[in-house]
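Report on one structure; see the data block that follows.
The values are calculated or read from the model by the stated rules, or taken from the named source; none is laboratory data. Because the structure is predicted, anything quoted here is derived from the model rather than measured. FYI the Cβ positions are ideal-geometry reconstructions off the backbone, even for glycines, and counts take in every protein chain you see. Keep in mind that these areas ignore ligands, DNA and RNA; they rest on the heavy atoms of the full protein, side chains included. Shrake-Rupley method; radii C 1.70, N 1.55, O 1.52, S 1.80 Å.
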Amino acid sequence: KAGVTQTPRYLIKTRGQQVTLSCSPISGHRSVSWYQQTPGQGLQFLFEYFSETQRNKGNFPGRFSGRQFSNSRSEMNVSTLELGDSALYLCASSLDRVSEAFFGQGTRLTVV
Amino acid sequence: AQTVTQSQPEMSVQEAETVTLSCTYDTSESDYYLFWYKQPPSRQMILVIRQEAYKQQNATENRFSVNFQKAAKSFSLKISDSQLGDAAMYFCAYRRRWKTSYDKVIFGPGTSLSVIP
């Protein structure tokens, strides 16, 4: 059974650009959550999607957005990138909203 | 607001020995889950063990066990017979049960565990 797949694994962008990250959950999982991991702030929750609807949102500016498709795949978008957005972005999927989360390997975003 | 604290930024253990990682959390809720996740250098976050708050019995998963003290809001992880592959960052995490589902997962700052051959 394939795990959570995040693409791309590495990304370098310039300040002011926008970026889209993709997450394919484990087959059958309907809940997808996104986290930002930085050395200074640790792991911070971005948002959670279930059945194509955002169910939970963390304390991030509106530049961070996401969506979920009917096949449960999810994308997150960051617009007007800032240097501080450089981080490892982790996606996690759950069978439903009451199960433990399984994480992907993350996308390492570097903003220069 | 719920918070998770890990007071040991770094720890080391001799191979085959036992080590205990500490975690405390703050919540006013009574129904929640606690987790320990392991993140090796590959960055893949792996669930090590989980504990339901309503269960008094401590969870065990092979060489990994927890000491869950609900009243003290403490949730420590014990790793027995430590192996080189146990070297990783360990995160304690909390997720409350909210209505019919669960809230977001809140992570502690992590403890970096080194295993000495």
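Among A:Glu48, A:Glu82, B:Glu52, the sequence by solvent-accessible area, most first, with a 1.4 Å probe is A:Glu82, B:Glu52, A:Glu48. My understanding is that a pair violates if its Cα-Cα distance is over 24 Å; which of B:Lys38/B:Lys73; A:Lys13/B:Lys38; B:Lys70/B:Lys104; A:Lys57/B:Lys70 do that in this structure? Pairs exceeding 24 Å: A:Lys13/B:Lys38; A:Lys57/B:Lys70.
A Förster radius of 22 Å combined with the Cβ-Cβ distance from A:Glu100 to A:Arg73 puts the calculated FRET efficiency at roughly 0.65. Sorted largest first, the spans of the alpha carbon positions of the protein assembly as shown along the three principal axes are 48, 42, 35 Å. Stretching A:Thr53 away from A:Ser86 to a fully extended chain increases their span by 9.2 nm, per 0.36 nm per residue minus the current alpha-carbon distance.
For chain B, modelled as a GNM whose springs connect Cα atoms under 10 angstrom apart, the maximal fluctuation among B:Val105, B:Val13, B:Val66 occurs at B:Val105. Taken residue by residue and averaged, Cβ atoms of other chains lying within 10 Å of the Cβ of B:103-116 number 3. Partner shielding of A:29-41 amounts to 1, given as the average count of beta-carbon atoms from other chains within 10 Å of each residue beta-carbon.
What's the extension gain from B:Thr3 to B:Arg43 if we count 0.36 nm per residue and subtract their Cα-Cα distance?
That works out to 12.1 nm of additional length.
I'd like the distance separating the alpha-carbon centroids of segment B:46-117 and segment A:35-107, in whole Å. Here the answer is 22 Å between Cα centres.
Using heavy atoms of the protein chains and a probe of 1.4 Å, the accessible area assigned to B:Tyr54 is about 150 Å².
May I ask you to compute the full-extension gain from B:Gln14 to B:Gln69, defined as 0.36 nm times their residue separation minus their alpha-carbon distance, rounded to one decimal in nm? Mind dumping the intermediate values first?
Numbers: separation 55, 0.36 × 55 = 19.80 nm, distance 2.67 nm.
Contour length minus the Cα-Cα distance gives 17.1 nm.
Computed with a 1.4 Å probe on the full set of protein chains, the accessible area for A:Thr53 sits at about 70 Å².
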